[in-house]
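Asks: Here it is, the structure, as structure tokens.
The values are calculated or read from the model by the stated rules, or taken from the named source; none is laboratory data. Predicted, not measured: the structure shown is a model, and the values here were computed from it. Glycine also receives a Cβ, built like all others from the backbone with ideal geometry; neighbour counts cover every protein chain displayed. Accessible surface is based on the protein model in full, side chains and every heavy atom, while ligands, DNA and RNA are left aside. Shrake-Rupley method; radii C 1.70, N 1.55, O 1.52, S 1.80 Å.
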Amino acid sequence: MARKRVAILISGRGSNMAALIEAAAARDYPAEIVLIAASRPDAAGLLRARAAGIATAVVDHAAHGKDRAAFERALHGELQRHHVDLVCLAGFMRLLTPQFVAQWDGRLLNIHPALLPAFKGLDTHERALAAGVKIHGASVHFVVPEMDSGPIIAQAAVPVHDGDSTDTLAARVLAAEHRIYPLALRLVAEGRVRVAGGRCLIDGAAAPNDVLIVPGR
Ligand code: GRF
């Protein structure tokens, strides 16, 4: 089967992007990363992408001012130009309009640093610590117009320790993110994910792949 052509959209450091690039370097990985598009020209991930020899594009949201439609037209144009099949948001800090989301329905993935539906939105680690949860984690989901609300493809859980700071917890979750995003993209690229009634049904997934418990340090 032909490998799926994947674009990764970033706004910053791009560590999830790097994890996906690394996974896709394996011969048997069902997807290839053909484009890294950044919403900011200074996104550090761009340097990493160029070093990996992957095509990059900057679609600068600031250059489009308040014209969200123009920004998304430019983004969509880049995705089409590179014949992209699937799009992964990885620390992409722009909300996408329902029109854009509809254009990529079922082909647009996001990673969120919490066990959805808990802690949607920003500052998830601060809020997890404040809530006193004992388990935290990350989720990869299909994007729907409502923020952080689409069908969940994969989740990873990590323990919260008594002495955790936002930074130590964030680092533990980030390591888990780097494991589940490549897993979730693999499942989607292999055509093993079906959405029914707002839930993802995974064909042939071994149980340990459904939830990863990543021991903390
Ligand atoms: C990650 O924690 C991701 O879950 C969130 O933003 C962060 C991006 O980090 N959406 P990076 O740019 O992938 O290093």
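Asks: Taking the stretch 88-105, which residues are within 16 Å of the ligand (Cβ to nearest atom), out of contact with any strand residue (DSSP E or B) (no Cβ under 7 Å at 6 or more places or on another chain) and either small (Gly, Ala, Ser) or open to solvent by 90 Å² or more (accessible area, probe 1.4 Å) (or both)?
Replies: Answer for the stretch 88-105, where residues must be within 16 Å of the ligand (Cβ to nearest atom), out of contact with any strand residue (DSSP E or B) (no Cβ under 7 Å at 6 or more places or on another chain) and either small (Gly, Ala, Ser) or open to solvent by 90 Å² or more (accessible area, probe 1.4 Å) (or both): Met93, Leu95.
Asks: Go through (1) open to solvent by 60 Å² or more (accessible area, probe 1.4 Å); (2) within 16 Å of the ligand (Cβ to nearest atom) for Ala175 and report which single condition fails.
Replies: Going through (1) open to solvent by 60 Å² or more (accessible area, probe 1.4 Å); (2) within 16 Å of the ligand (Cβ to nearest atom) one by one, Ala175 breaks only (1).
Asks: Which pairs turn up if I take residues in the stretch 18-30 that are not assigned by TED's automatic domain parsing to the domain that holds Val188 and modelled with pLDDT of 95 or more and look for partners that are away from the ligand (no atom under 15 Å from the Cβ) and of a type in the set (Asp, Glu) with beta carbon separation below 7 Å, at least 6 apart in sequence or on another chain?
Replies: If the second residue must be away from the ligand (no atom under 15 Å from the Cβ) and of a type in the set (Asp, Glu), the pairs left are Ala24/Glu32; Pro30/Glu190.
Asks: A further question follows. Among the residues of the stretch 157-171 satisfying the criterion of being open to solvent by 20 Å² or more (accessible area, probe 1.4 Å) and in a helix (DSSP H, G or I), which is nearest to the ligand (Cβ to nearest atom)?
Replies: It comes out as Ala170.
Asks: Do we have Ile10 as open to solvent by 10 Å² or more (accessible area, probe 1.4 Å), among the β-branched types (Val, Ile, Thr) and within 25 Å of Ser139 (Cβ to Cβ) here?
Replies: Values: open to solvent by 10 Å² or more (accessible area, probe 1.4 Å): no; among the β-branched types (Val, Ile, Thr): yes; within 25 Å of Ser139 (Cβ to Cβ): yes.
Here the answer is no, as Ile10 does not meet what is asked.
Asks: Can you tell me which residue in the stretch 21-59 is farthest from the ligand (Cβ to nearest atom), limited to those that are part of a helix (DSSP H, G or I) and buried (at least 23 other Cβ atoms within 10 Å of the Cβ)? Full working, then the answer.
Replies: First, pick out the residues of the stretch 21-59 that are part of a helix (DSSP H, G or I): 21-24, 45-51.
Restricting the remaining residues to those that are buried (at least 23 other Cβ atoms within 10 Å of the Cβ) gives 21, 24, 45, 49.
Details: Ile21: 11, Ala24: 15, Gly45: 6, Ala49: 12 Å.
Looking at the filtered set, the residue picked out is Ala24.
Asks: Take Asp85 and tell me if it is more than 15 Å from the ligand (Cβ to nearest atom), open to solvent by 40 Å² or more (accessible area, probe 1.4 Å) and more than 14 Å from the chain's Cα centre (by Cα). Even if it seems obvious, please write down each step before you answer.
Replies: Numbers: more than 15 Å from the ligand (Cβ to nearest atom): yes; open to solvent by 40 Å² or more (accessible area, probe 1.4 Å): yes; more than 14 Å from the chain's Cα centre (by Cα): yes.
For Asp85, the condition - more than 15 Å from the ligand (Cβ to nearest atom), open to solvent by 40 Å² or more (accessible area, probe 1.4 Å) and more than 14 Å from the chain's Cα centre (by Cα) - is met.
Asks: While we're here: Name the residue that is farthest from Arg73 (Cα to Cα), counting only residues in the stretch 1-14 that are within 16 Å of the ligand (Cβ to nearest atom) and in contact with an Asp or Glu (Cβ under 8 Å, 6 or more places away or on another chain).
Replies: Restricting attention to the stretch 1-14, the residues satisfying the condition of being within 16 Å of the ligand (Cβ to nearest atom) are 6-14.
Filter once more, so that each one left must be in contact with an Asp or Glu (Cβ under 8 Å, 6 or more places away or on another chain): 6-7.
Values: Val6: 18, Ala7: 15 Å.
This residue is Val6.
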